[in-house]
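Just so it is clear, none of the values below were taken in a lab; they were calculated from the coordinates. Keep in mind that this is a model prediction, so the values were computed, not measured. Don't worry about glycine lacking a Cβ; one is built from the backbone with ideal geometry, like all the others, and counts go over all protein chains shown.
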Amino acid sequence: MNKTSRYKLVQPPHRFGLFVLIIFFISMSPPIQAETRNPPKNVILLIGDGMGLGAIEIARQLEYGKTGVLHLEKLEHVALMRTYSANNYVTDSAAGGSAIATGIKTNNESIGVDANGSEVDSVLDAFQNNGKKVGIISTNMVVDATPAAFGASVPNRWTGGANIARQLFDNRIDVILGGGASYFEADKQNGEDLIAKFKQADYGITTTKEELSSINNPAKLLGLFHPTYMNFKLDKEVLHSQEPSLPEMTSKALDILSRGDKGFFLMAEGARIDHMEHAADITGIWKETIEFDQTVKKVVDWAKNRNDTLIVVLADHETMGTSASETMDIKALKKIRVSAEYMSKQLTFDKNNEIKPESVVSTFKKYAHISLTDQEVDQFIDNVKKNKTLVYPKHQIDWEIGSTIARHHKAGVADRSIRAVSSTGGHTANMIPVFASGPGSEAFDGVIENTDISKIITKAAGVPFTPGQHKTKEE
């Protein structure tokens, strides 16, 4: 081959030919926007109150064994979330729920207000102001911390229940399901029957599982199934409960909210995971978390093939450092059929209001299958008398029962003495996992703040939202 021919083989192609090659390779490559999906029409936020990694792992092991998989673990995207509040390293549910709902940090015990006490809009307000239907569900009272943070604003969670109930009505939230009926009744509403006002405003009203199932999907729905907290999953059979489950409430809410042309925002809370953790009730943590996980499945199945729904699953904080310890006696814990709270109500008292030792022995034997020694019985009674808790004092006895059982079965949980001096009743600063699926879910990645949740959701959905913006609705 001569020099000229060799030169022609190695010289750069003509500019026009190079341009053609570039166009060819671009046409053969997937477009950059191929993975970009349309903004979600609907957003479903599922909150397992207090549900840290320990509760998730306990539920997985007790329900499915060592190699099992929960439904929430199957969501495509995962992040870790910090939870501190404005005035504490460790948040309570009010400040934690408010940070998720409003996009700003606030003080413990505050709901839907900033750290200075000014009322601010929530992500639910933003979706409602954008013409979408909205709903809140909780196995807690709908006027308590997490659900209230999305639908109301009060300076203090402990004194604001009646005011929250009125705000839920004034804000015309489309679906409200859960406990807390007593706060809507006349004796807490200055003689006014707030439930009757909901009815006059064309809300369907339900109070039992059967009524919820049979109601003919009204435009708006109020379901109040217990005067205070809804019953624990563990206790529903022994109490002959007529309450719906969290998956059943969520399914009905989806039926109603999905009727809107513009989409919806729904927050559903598995609230009693946290209450079981406060009591160190490992069996109860398992049952409450599994019911929450079944709700995740219900939502994922509903959204499947729609391509218009963002699903986000998280917790507001972690409680009691709950962990699936190596020593945990899974077999023994699975034999327990009622909650520590139910057991506490089986104890009897003498004329001096002292717990009768024989009732302690019989209760632990019958319900927890544990034979306490005389020394353990005396210690239990002494703990109840001496170690007062800073919050939820009426649960002092069942918390002691749960801690006694957890210690006996070597379960991983913070010591009862730590809980007793905690202003949150045993919450921790542990980061919690966030799972997400659907359009916009790819933004849930890495380590984020709880205040990022509402920002990510509204940005994905194209809904205008300014964290810290003062209430825009007319009171």
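Compare the Cα positions of Pro247, Ala280, Gly260 along the charge dipole of the stretch 247-287 (+1 at Cβ of Lys, Arg; -1 at Cβ of Asp, Glu; about the Cα centre) and return the one farthest towards the positive end.
Farthest along the dipole direction, towards plus: Gly260.
Would you kindly derive the ³J(HN,Hα) couplings of the stretch 129-139 from the backbone phi angles with the Karplus curve 6.51 cos²θ - 1.76 cosθ + 1.60 (θ = phi - 60°), listing them in order in whole Hz, with x for Gly and Pro?
Once θ is set to phi - 60°, the couplings for the stretch 129-139 become 5, 8, x, 9, 6, 9, x, 10, 9, 7, 7 Hz.
Within straight cross-link reach of Lys66, meaning Cα distance under 16 Å, which aspartates and glutamates are found once same-chain residues fewer than 8 apart are removed?
Leaving aside aspartates and glutamates fewer than 8 places away in the same chain, those within reach of Lys66 are Glu57, Glu326, Asp329.
Among all the aspartates and glutamates, which ones have a C-alpha under 20 Å from Lys197's C-alpha, if same-chain residues fewer than 8 places away are not counted?
Qualifying aspartates and glutamates at Cα under 20 Å: Asp170, Asp174, Glu185, Asp187, Glu211, Glu474, Glu475.
Ranked highest first by average number of other Cβ atoms within 10 Å, how do 230-241, 151-162 line up?
151-162, 230-241
Can you give the helix-only mean residue ellipticity at 222 nm for the chain, where every DSSP H stretch with n ≥ 4 adds -39500 (n - 2.57) and the sum goes over all residues, rounded to the nearest 500 deg cm²/dmol?
Calculated from helices alone, the mean residue ellipticity at 222 nm is -11000 deg cm²/dmol.
Take the eigenvalues of the Cα gyration tensor for the stretch 79-133, scale each by 5, and report the square roots as semi-axes in whole Å, largest first.
Over the Cα atoms of the stretch 79-133, the semi-axes work out to 21, 13, 7 Å.
Which whole-Hz couplings ³J(HN,Hα) result when phi for each residue of the stretch 187-196 is put into the Karplus expression 6.51 cos²θ - 1.76 cosθ + 1.60, θ = phi - 60°, listed in order with x for Gly and Pro?
Values, residue by residue: 5, 10, 10, 6, x, 9, 8, 6, 5, 5 Hz.
On a C-alpha basis, how far is the centre of the stretch 409-475 from the centre of the stretch 337-405 in Å? Whole number, if you could?
Taking the Cα centre of the stretch 337-405 as reference, the centre of the stretch 409-475 is 34 Å away.
Compute the Rg to Rh ratio over the stretch 248-398 from the alpha carbon atoms, using the Kirkwood formula for Rh, and round to two decimal places.
Over the Cα atoms of the stretch 248-398, Rg/Rh equals 1.10.
Of the listed values [x] 46, 29, 20; [y] 48, 35, 22; [z] 36, 25, 21, grab the one calculated as semi-axes √(5λ) of the Cα gyration tensor in Å from the structure here.
Derived directly from the coordinates: [x].
From Cα pairs below 8 angstrom and at least 6 apart in sequence, can you work out the relative contact order of the stretch 192-329, rounded to a whole percent?
It comes to 20 percent, rounded to a whole number.
Counting Lys and Arg as +1 and Asp and Glu as -1, each charge on the Cβ, what is the dipole of the stretch 432-475 about the Cα centre in debye, to the nearest 20?
Taking the Cα centre of the stretch 432-475 as origin, the dipole is about 120 debye.
Given the options Gly402, Ser441, Thr319, identify the residue whose Cα lies farthest towards the positive end of the charge dipole of the chain (+1 on Cβ of Lys, Arg; -1 on Cβ of Asp, Glu).
The residue sitting most towards the positive pole is Ser441.
Starting from the amide H of Val90, placed 1.01 Å from N in the peptide plane, find each other amide H under 5 Å away whose residue is 5 or more places distant or on another chain.
Here Ser85 satisfy the definition.
Placing +1 at every Lys and Arg Cβ and -1 at every Asp and Glu Cβ, with all other atoms neutral, what dipole size does the chain have around its Cα centre, in debye to the nearest 20?
Computed about the Cα centre, the dipole is about 1740 debye.
Could you derive backbone 3J(HN,Hα) for the stretch 251-264 from the dihedral phi with the Karplus parameters 6.51, -1.76 and 1.60 (θ = phi - 60°), listing whole Hz in sequence and x where the residue is Gly or Pro?
My calculation for the stretch 251-264 gives 4, 5, 4, 4, 4, 7, 5, 6, 6, x, 6, 9, x, 7 Hz in order.
Past the 24 Å Cα-Cα mark, which pairs from Lys209/Lys298; Lys188/Lys236; Lys74/Lys105; Lys356/Lys410?
With Cα atoms farther than 24 Å apart: Lys188/Lys236; Lys74/Lys105; Lys356/Lys410.
Taking the mean number of other Cβ atoms within 10 Å as a proxy for protection, how do you rank 307-318, 366-377, 445-456 from highest to lowest?
Ranking the peptides 307-318, 366-377, 445-456 by packing returns 307-318, 445-456, 366-377.
If you average over every viewing direction, what projected area does the convex hull of the Cα atoms of the stretch 391-456 give, in nm²?
6.8 nm²
If I fit a long axis through the Cα atoms of helix 15-28 and take the longest principal axis of the Cα atoms of the chain, what angle between them do I get, 0 to 90°, rounded to 10?
Its long axis makes an angle of about 30 degrees.
What translational D, rounded to a whole number of µm²/s, comes out for the stretch 242-325 from Stokes-Einstein when the hydrodynamic radius is the Kirkwood one over Cα pairs, at 37 °C and 0.692 mPa s?
Diffusion coefficient, whole number: 229 µm²/s.
Using Cα atoms only, what is the angle between the long axis of helix 396-408 and the major principal axis of the chain, expressed in degrees (0 to 90) to the nearest 10?
70 degrees
Mind jotting down the distance between the C-alpha centroids of the stretch 113-154 and the stretch 66-110, whole Å?
15 Å
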